[in-house]
Structures are given as structure tokens and as C-alpha cells.
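The values are calculated or read from the model by the stated rules, or taken from the named source; none is laboratory data. Computed from a predicted structure; not experimentally measured. Here the Cβ positions follow ideal geometry from the backbone for every residue, glycine too, while neighbour counts run over all protein chains shown. Side chains included, ligands, DNA and RNA excluded: accessible areas come from the protein's heavy atoms. Shrake-Rupley method; radii C 1.70, N 1.55, O 1.52, S 1.80 Å.
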Amino acid sequence: PHSHITENIYWDEVIKTNTLQYGKPSMEILQNLQYTASKIQEFRDKYYPGTHIQINSGWRPRAYNDTIGEWKVVNGQKVFVRKSNPNSEHIYGNAIDFLIIGHPTQDVSKVLAEYWKGRWYYEYGFIHADSTKSRGVRANW
């Protein structure tokens, strides 16, 4: 359903319908998603009030996460090149990939570097923000 997880982020943005065929999130995953989304919302409200957040990826069941990649031909052989971390924080609901519409993503990532307490990176035109509470260390990976 299209209901709010925060003021500007919706549940169906962080739990995509196509991922549900691989399983359903546990209560712990839902709580982690809510925490991660709330931190992104706080960041948006502080630095980019009035702007739209576009969510590219939220929770990914492990089986779905394993399908992220592409087939390439290497030395005449067709091989699957994985583009996701096999132990991605998306699996646990601790990561969300997003954009702030109307602002260059690279610039937003520089502002995020001063604010974010978890891991983050800027790549492929979006920002990955990982809110793993146990780390508490800002890192760019």
C-alpha cells in the first residue's frame, strides 16, 4: 500500500512489489527500514527542505539481492557479473539508495558526508546510505 513511512518516504518505495515474490520482511526488517528512512528524512528536512526524495532501492530479500547483476561474455564464456554485495545491508533493511531531486547527487553526497553517522557511498548516480546502528562510524566505502 502507498502509505507513509516518513513524511516524504512511502513503504512501497522501500519495499518494491517485485521483491515480495522472494519473501516478506520480518518485523525487525520493517523496524530497520523505518529507522533508516527516518534518518534520511531528517537529512532531507535539515539540508533540502521542500525537495522530493526519490528512492531507488530499499529492502531486498537475499534471493532477490543475488539476482542483481548482468550477463557478460568473458573469453567467449557467458558469465554473470554480480553487482550487489552478498551480505548487503539492504537484506536487513539497514540501507536505502536515494536521490534528492533537483540537486546534483555528487553535491548531496558531500553534504551527507558531514551529517551521516553510518556508512554511505555515491556511485551509479545515486547515494547509498547504510544506517547500521552498531557501527556508529562514518565511512565512505
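Couplings 3J(HN,Hα) for segment 71-88, derived from phi with the Karplus relation 6.51 cos²θ - 1.76 cosθ + 1.60 (θ = phi - 60°), are 8, 9, 9, 10, 6, x, 10, 7, 10, 8, 9, 5, 10, 10, 6, x, 10, 4 Hz, where x marks Gly and Pro.
Which net charge results when you count Lys and Arg as +1 and Asp and Glu as -1 among the other residues whose beta-carbon is under 13 Å from that of SER3? Display every interim value, and only then the final one.
Working: positive: none; negative: GLU7, ASP12, GLU13.
Residues close to SER3 contribute a combined charge of -3.
Note on TRP11: accessible area approximately 60 square angstrom, rounded to 10, probe 1.4 Å, nucleic acids and ligands left out. Overall, segment 1-49 carries a charge dipole of about 100 debye about its Cα centre when +1 sits on the Cβ of Lys and Arg and -1 on the Cβ of Asp and Glu, all other atoms neutral. Residue by residue, segment 8-24 carries 3J(HN,Hα) couplings of 10, 10, 10, 4, 6, 8, 8, 10, 6, 4, 5, 7, 5, 5, 9, x, 10 Hz when phi is fed to the Karplus relation 6.51 cos²θ - 1.76 cosθ + 1.60 (θ = phi - 60°); x denotes Gly or Pro. Shown are GLU114, GLU123, GLU13, whose ranking by accessible area with a 1.4 Å probe and every protein chain present, most to least, is GLU114, GLU123, GLU13.
Shape verdict for segment 1-110, please, from the Cα gyration tensor: rounded (a/c under 1.5), prolate (a/b greater than b/c) or oblate.
On the way: a/c = 2.51, a/b = 1.46, b/c = 1.72.
In terms of gyration-tensor shape, oblate.
Using only the heavy atoms of the protein chains and a 1.4 Å probe, how would HIS103, HIS128, HIS4 rank by accessible area, largest first? Numbers along the way, then the final one.
Numbers: HIS103 70, HIS128 5, HIS4 100 Å².
Greatest to least solvent exposure: HIS4, HIS103, HIS128.
Seen against the Cα atoms of the chain and their longest principal axis, helix 105-115 is set at about 60 degrees.
Between ILE40, ILE29, ILE101, the Gaussian network model of the chain with springs among Cα atoms under 10 angstrom shows the greatest mean-square fluctuation at ILE101.
Full extension of the segment from TYR48 to LYS117, taken as 0.36 nm per residue of separation minus the current Cα-Cα distance, would add 23.0 nm. Annotation: LEU30 carries an accessible surface of approximately 50 Å², with a 1.4 Å probe and no ligand, DNA or RNA atoms counted. Our summary gives the chain a relative contact order of 22 percent, counting only alpha carbon pairs under 8 angstrom and 6 or more residues apart.
Heavy atoms of the protein chains alone define the surface here; on that basis the chain has 56 Å² accessible area per residue at 1.4 Å probe size.
Taking only protein heavy atoms and a 1.4 Å probe, the accessible area of the chain is 51% carbon and sulfur.
Stretching the chain fully between GLU7 and ARG62 yields a gain of 17.0 nm (0.36 nm per residue, less the alpha carbon separation). For ARG62, the solvent-accessible surface with a 1.4 Å probe is about 110 Å², rounded to the nearest 10.
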